[in-house]
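Please read the structure below before turning to the comments.
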Amino acid sequence: MFAQQLICPLLVIFCATWISLGEPQTKGEISKNRLKAGSQQEKCVGHCHVSGKDCTEPCDRPLHGKMTFACPGGWWQKSEETCASLDVQSLLKRVSRYEVHPYSAHGSVAGARDGRFCTADFSCIIGDVLSAEPVAGNIVNIVMLLQNLSSDMSADVTVEKLRSYSKMANHILDGTSLPNWAFVSEKNASSILLESVISFAGKLQIGSSPPDVSEAFITTQGARINRGTPKNSFTFSLGFNGSKSRLNGTVSLPREGLLRLPADSQVITVAFPTLGPIIEKTLSKGVSVNGMVLSAVLPKALEKVSLAFEKMNKTVNSLCVAWHSAHRRWDETACELEDESPAVVTCRCHQQPAVFQSFSILMSPVRVKHPALHFITGVGLVVSIGSLVLCLAIEAAVWRQTTQTHISYMRHVCLVNIAASLLIADILFIIATFVNATPRNYDGCVTATFFVHFFYLALFFWMLALGLLILYGLLVIFRHLRKSTLLAVAFGIGYGCPTVIALLTVVITEPRKGYLRDDACWLNWNETKALLAFVIPALLIVGVNLVVVVVVLVKSGRSSIGDRSKTQDLVTVIRVSKNLLLLTPLLGLTWGFGLAVVHKASLAFHIVFSVLNAFQGFFILLLGTLLDRKTRESLRMKCCPSKTPSSDTTL
């Protein structure tokens, strides 16, 4: 694994005891315990007669949204609500406006409060967030706000920003807001909050003074570490469901891991005493958390870490698990029980290895997390890389025999450069995946993204060169052009155009920190739409090559016009099918499925896109090399020189 730092899974202790932070309401309490967010209207109060039917009520002003009630047992009970007062987009625009235009005409900080710059500590929005009532709708909005702030930060998180960020997160982690989590409309909100907080904290650059940002329900600690670091543990004592009740926890770095550190590194740990019950309410109902949630952002050399949890229930045995963000479930394979007493349990957990990011991310504005996509991408890239290496080896072996005419020479030049560009791009795609696993390797991520962008563009433009070559050969007297002229035009298209596009993209967007997306080493979408610098050329080339395929199909079928015999029809169908199969992968038409994933399509489209394109190297080997008759004959002559090749030739 190439990454230097990975986010350690979020680690907690499980027990068999059910922890109730919001017991089901009795019939008499239903009306009494309505959330403050909505008015108590008669139509959704008391008895109900149709089980499974919902009832809705509007929220009290100034809140907007609605409350939904279900009828599970003859009594109306609230199931979901969207009551909210915060506007996430308005808050984000406020931060963005101050960041772009920090100074007013008089030289003072525009819009900042108390003379402070808004983006230095989010001072322009934190007051609105903390004054908002933590009802279900506002909880979701604050989670979305924190997610966007985390995504917008590249590598410039400061202690001041982290302190404000923690205050906003603490507002919805407060023990008094826990019952409202049961009614959030976005059931993944707790997992999104967890990922966002860890991502944001992981971008903090620790200086000489170790940070200790503490709130009642979230605390972040960090330190610079090296082989000689004397301190190898971080202790937490946090409130739980009230300031008088507290939980303890410890994150310990093993001494053998510290000795393997290659250089000065840093570790950041975060503790949540109430997040476990929140996850239980929203995602893992029926599974109880018997301690606080601990997380650590560690360097790669620290493969394992020990975590000690104080039990809330001292009478039960515990199970060590980690939160799997991609699957949104607890993972028992990441941790093992190291020691247990009636009061404390110690778990030893290991960092999970990085996995391939989904291939469809090249076209999609969002990163789809699904094990099927990771598996398809991983297997497809391995097969594709092996196929492309074999393709280039075959081309080198039969080059003299297959490039005796201008047309065949240029065809194989295009094919070799298509295979080479895709091979390099696939290798760099894998490297970018591992670079992305290092939270603070921003420069490495920019470099990897630039070259991935360049070589995938080169793949498309060489496909365009091949398409134009075929089209020119069909419509124009091809032999009047010199080989040197053809080569100059082909290389100008194949590598010149990608160079211009890739350089312009990074030069225009990187000064504003808008080149990269937050969740992967790839082109940004949310802020600068840099992804369009790949999507638009790719889809335009796909369109041009689609025209080429149509022309080839027409030319292939023209010879059979007027001849309606079954034999001729069969020959025509075979010829047309062969041309279609040969041209479609080589000319990039399989990338046309990118139109579906660009618009946030369903998982099925992402899977189809990943299958067609992750295995494209195999398709090129099979259809571009092995099914070419002249290439097969040249290989046969290499292997069996005594056999006479067929007199038939093809391009």
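The values are calculated or read from the model by the stated rules, or taken from the named source; none is laboratory data. Since this is a predicted model, take the numbers as computed values, not measurements. With ideal geometry, Cβ positions are generated from the backbone for all residues, glycine too; neighbour counts draw on all protein chains shown. Ligands, DNA and RNA are stripped out before the accessible areas are found, and what is left, the full protein with its side chains, is counted by its heavy atoms. Shrake-Rupley method; radii C 1.70, N 1.55, O 1.52, S 1.80 Å.
The table below lists the values:
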| quantity | calculated |
| --- | --- |
| Pick from the range 365-381, criterion of a type outside the set (A, V, I, L, M) and not in a loop (DSSP other than H, G, I, E, B), ranking: nearest to Ala419 (Cα to Cα) | Gly380 |
| Check on Ile279, at pLDDT 85 or above and part of a helix (DSSP H, G or I) | yes |
| Hits in the range 284-295 (condition: in a strand (DSSP E or B) and either at pLDDT 85 or above or crowded, with 23+ Cβ neighbours inside 10 Å (or both)) | Val289, Val293, Leu294, Ser295 |
| Unique residue being of a type outside the set (Lys, Arg) and modelled with pLDDT of 90 or more when the list is Glu195, Glu133 | Glu133 |
| Residue list for the range 123-142, restricted to those being surrounded by 24 or more Cβ atoms within 10 Å (Cβ to Cβ) and assigned to a loop (DSSP other than H, G, I, E, B) | Val135 |
| Tally, over the range 172-206, of residues that are farther than 16 Å from Gly137 by Cα and in contact with a strand residue (DSSP E or B) (Cβ under 8 Å, 6 or more places away or on another chain) | 13 |
| Conditions (1) closer than 23 Å to Ser177 by Cα; (2) of a type in the set (A, V, I, L, M, F, W, C); (3) surrounded by fewer than 18 Cβ atoms within 10 Å (Cβ to Cβ): number failed by Ala263 | (1) |
| Residue check, Glu310 free of Cβ contacts under 8 Å to residues at least 40 places away in the same chain, open to solvent by 20 Å² or more (accessible area, probe 1.4 Å) and not aliphatic (A, V, I, L, M) | no |
| Some residue of the range 382-402 being part of a loop (DSSP other than H, G, I, E, B) and closer than 20 Å to Cys639 by Cβ | yes |
| Hey, Phe183 of a type in the set (Phe, Trp, Tyr), modelled with pLDDT of 80 or more and part of a helix (DSSP H, G or I) or not | no |
| Yes/no for Glu338 being in contact with a Ser or Thr (Cβ under 6 Å, 6 or more places away or on another chain), without any contact (Cβ under 8 Å) to a residue 40 or more places away in the chain and surrounded by fewer than 18 Cβ atoms within 10 Å (Cβ to Cβ) | yes |
| Enumeration of residues in the range 498-548 that are hydrophobic (A, V, I, L, M, F, W, C), surrounded by fewer than 18 Cβ atoms within 10 Å (Cβ to Cβ) and more than 24 Å from Leu428 (Cβ to Cβ) | Val544, Leu546, Val547 |
| Tally, over the range 272-307, of residues that are of a type in the set (D, E, K, R) and in contact (Cβ under 8 Å) with a residue 60 or more places away in the chain | 3 |
| Every residue from the range 511-525 that is at pLDDT below 80 and more than 14 Å from Pro365 (Cβ to Cβ) | Arg512, Lys513 |
| Selection from the range 296-338 of residues that are in a loop (DSSP other than H, G, I, E, B) and among the hydrophobic types (A, V, I, L, M, F, W, C) | Ala301, Leu302, Met312, Val316, Ala326, Ala334 |
| Single residue of Ile218, Ile198 found to be over 21 Å from the mean Cα position of the chain (by Cα) and either surrounded by 21 or more Cβ atoms within 10 Å (Cβ to Cβ) or not aliphatic (A, V, I, L, M) (or both) | Ile218 |
| Condition broken by Leu469, with the remaining ones in (1) crowded, with 16+ Cβ neighbours inside 10 Å; (2) at pLDDT 90 or above satisfied | (2) |
| Counted residues, the range 148-180 - those being free of Cβ contacts under 8 Å to residues at least 60 places away in the same chain and not in a loop (DSSP other than H, G, I, E, B) | 18 |
| Single condition Gly594 does not satisfy, out of (1) of a type outside the set (Phe, Trp, Tyr); (2) farther than 26 Å from Ala393 by Cβ; (3) at pLDDT 75 or above | (3) |
| The range 201-210, residues that are farther than 19 Å from Pro273 by Cβ and either open to solvent by less than 70 Å² (accessible area, probe 1.4 Å) or of a type in the set (Lys, Arg) (or both) | Gly202, Lys203, Leu204, Ile206, Gly207 |
| Residues (closer than 16 Å to Ile172 by Cβ and not aliphatic (A, V, I, L, M)) located in the range 193-218 | Glu195, Ser196, Phe200, Glu215, Phe217 |
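Yes or no, residue by residue, for (1) open to solvent by 20 Å² or more (accessible area, probe 1.4 Å); (2) touching a helix residue (DSSP H, G or I) at 6+ places or on another chain (Cβ under 6 Å); (3) among the hydroxyl-bearing types (Ser, Thr, Tyr); (4) over 27 Å from Leu627 (Cβ atoms):
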site	(1), (2), (3), (4)
Ser364	no, yes, yes, yes
Val368	yes, yes, no, yes
Gly380	no, yes, no, no
Ala396	yes, no, no, no
Val413	no, no, no, no
